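All remarks here apply to the structure that follows.
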Amino acid sequence: MRKSLIIHPSELSIDWIDKAIKSGCNAIGLHPIGGENAHLSAEELLCDLEKKEFRKLIDYAKKSGLEIEYEMHAARYFLKEELFAEHPEYFRMNETGERTTDFNFCVSNEEALEIVANNAAALAEKLYGSCRNYYFWLDDVRESGCCCDKCKNFTPSDQQMIVINKIAKKLREIIPGARIAYLAYHDCLAPPKSVKPEEGVFLEYAPIEKWYGDNIVKMEELDGNIKELIEFFGKENSKVLEYWYDNSLFSRYKLPPVKFIADNELIKKEIKIYEEYGFEQIASFACFLGSDYIELYGEPDLSAFNN
Ligand SMILES: [Zn+2]
């Protein structure tokens, strides 16, 4: 089972890298902050990647045996809103019939798709030290698909699949063997209906709904959905992206971080269940557990991840 923990780029440190290794990780994931301004976080990441100190950390992680991955919401980063004045047809049509730059874009517009795929390929080449797994997710907002005449019959999952397929083809032209994740998350939890995955696409399942509100959804309730997804995408490279250590979620995405108590029994139990489904990779967000957290509360307990 390949394992990784995913943190914000600003949290990357020698200490975190050493901890990831001790926790049994094969990779460390860097995740620019998501939400409505994810495209700006992506720009910040690219600035970080130009810095010598940041590159040294990446080099240290790789020398220590970890692979590096970048997991990010990138749709609006790929199709810049400046294009709207000349090409409103590139952008999504909302429920009231207006073209808008707010999120995502029109997946039936070939030119828009071409721009997105080219920019994804260009970004992949800039991701310093990245292994060949890529995670270029659509915008981090529900109900943000295109409702134009051509797109309206595609489910949100179909719309994502169209985009990821296009990027997969382009990526594999410039980086042989590159793989890209389809993110089963939010309104893309169901498998696509009318679009099949291209070569190189793998499933990344991120059940954030489990963690909403007081009534945590139990694994048993997810069973049907997980089986459908695995049947559709296959087990090869399939990945779970969990929230067991996501102290940014538990802190409601606001600093300072809250004190984090790992539910070790739950984590061990769920890792086993995911293994039984046939997932080949297990990851968890582990944001808001960096040096500022340690100063406040001491070392977080990551022991259950390594069992
Ligand atoms: Zn459309």
For this session: Could you tell me the accessible area of MET1 in Å² (1.4 Å probe, neighbours in place), rounded to the nearest ten?
Result: 80
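From the alpha carbon gyration tensor of segment 2-305, can you work out the equivalent ellipsoid semi-axes (sqrt of 5 times each eigenvalue) and give them in Å, largest to smallest?
On the way: eigenvalues 183, 101, 71 Å².
Three semi-axes, in Å: 30, 22, 19.
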Exercise. If SER248, SER108 are ordered by their accessible area, calculated over protein heavy atoms with a 1.4 Å probe, which sequence runs from highest to lowest?
Worked result: SER108, SER248
Exercise. Label points 7 Å out from Cα along the Cβ direction at GLU199 and GLU276: separation in nm?
Worked result: 3.6
Exercise. With labels modelled as points extended 7 Å from the Cα through the Cβ direction, what inter-label distance (nm, one decimal) is found for ASN306 paired with ARG132?
Worked result: 2.9
Problem set entry | Separation of the GLU114 and GLU43 label points, Cα + 7 Å toward Cβ, nm | 2.6
For this session: At a Cα cut-off below 19 Å, give the lysines reachable from LYS51, other chains included and same-chain residues fewer than 8 away excluded.
Result: LYS62, LYS63, LYS126
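With the cut-off at 28 Å, tell me which of the pairs LYS210/LYS235; LYS150/LYS239; LYS3/LYS218; LYS3/LYS80; LYS170/LYS269 have Cα atoms farther apart than that. Working shown, then result.
Details: LYS210/LYS235 22 Å; LYS150/LYS239 31 Å; LYS3/LYS218 22 Å; LYS3/LYS80 34 Å; LYS170/LYS269 39 Å.
Cα-Cα > 28 Å for LYS150/LYS239; LYS3/LYS80; LYS170/LYS269; rest within.
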Seminar exercise, completed: Among GluC sites (Glu not before Pro) in segment 42-150, those in a DSSP loop whose Cβ has at most 15 other Cβ atoms within 10 Å are GLU86, GLU95, GLU98, GLU143
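Would you kindly state how much longer the chain becomes between MET1 and TYR297 on full extension, computed as 0.36 nm times their sequence separation minus their alpha carbon distance, in nm to one decimal?
Working: separation 296, 0.36 × 296 = 106.56 nm, distance 3.05 nm.
Taking MET1 through TYR297 to full extension adds about 103.5 nm, to one decimal.
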Exercise. At 222 nm, what helix-only mean residue ellipticity would the chain give, in deg cm²/dmol to the nearest 500, using -39500 (n - 2.57) for each DSSP H run of four or more?
Worked result: -11500 deg cm²/dmol
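Report for the chain the percent antiparallel among DSSP-assigned beta bridges with both residues inside it, nearest 5.
Details: 2 of 32 bridges.
The antiparallel fraction comes to roughly 5 percent.
For the chain, which longest stretch is free of loop sites, where a loop site is one of the chymotrypsin sites (Phe, Trp or Tyr not before Pro) that DSSP puts outside H, G, I, E and B and that has at most 13 other Cβ atoms within 10 Å? Don't jump to the answer; show the numbers that get you there.
Details: sites that count: TYR212, TYR253.
The longest uninterrupted stretch comes out as 1-211.
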For this session: Please list, in chain and number order, the residues 5+ apart from TRP137 or on another chain whose amide H is under 5 Å from its amide H, with Hs placed from the backbone.
Result: MET72, HIS73, ALA74
Exercise. Near ARG179, within a Cβ-to-Cβ distance under 11 Å, what is the net charge of the other residues, with Lys and Arg +1 and Asp and Glu -1?
Worked result: -2
Problem set entry | Helix 219-233 vs. the chain, principal-axis angle (Cα, 0 to 90°, nearest 10) | 50
Exercise. Per-residue HN-Hα couplings for segment 136-141, Karplus 6.51 cos²θ - 1.76 cosθ + 1.60 at θ = phi - 60°, whole Hz, x for Gly and Pro?
Worked result: 10, 8, 5, 4, 8, 9
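Per residue, how many Å² of accessible area does segment 2-305 show with a 1.4 Å probe? Numbers along the way, then the final one.
Values: 13880 Å² over 304 residues.
Value returned for segment 2-305: 46 Å² of accessible area per residue.
Can you tell me the FRET efficiency between LEU83 and LEU255 if r is taken as the Cβ-Cβ distance and R0 is 35 Å, rounded to the nearest 0.05? Walk me through the numbers on the way to the answer.
Working: r = 34 Å, r/R0 = 0.98.
Between LEU83 and LEU255 the formula returns 0.55.
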Seminar exercise, completed: Whole-Hz Karplus couplings 3J(HN,Hα) for segment 288-300, θ = phi - 60° and coefficients 6.51, -1.76, 1.60, Gly and Pro as x, run 6, 10, x, 4, 5, 5, 4, 4, 7, 10, x, 5, x
For this session: With a cut-off of at most 16 other beta carbons within 10 Å, and DSSP calling the residue loop, which trypsin sites (Lys or Arg not before Pro) in segment 188-256 qualify? Please list them.
Result: LYS193, LYS218, LYS235, ARG252, LYS254
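The values are calculated or read from the model by the stated rules, or taken from the named source; none is laboratory data. Owing to the predicted nature of the structure, the values given are computational and were not obtained by experimental measurement. We place every Cβ from the backbone using ideal geometry, glycine too, and count neighbours over all the protein chains shown. Surface accessibility is based on the protein's heavy atoms, side chains included, excluding ligands, DNA and RNA. Shrake-Rupley method; radii C 1.70, N 1.55, O 1.52, S 1.80 Å.
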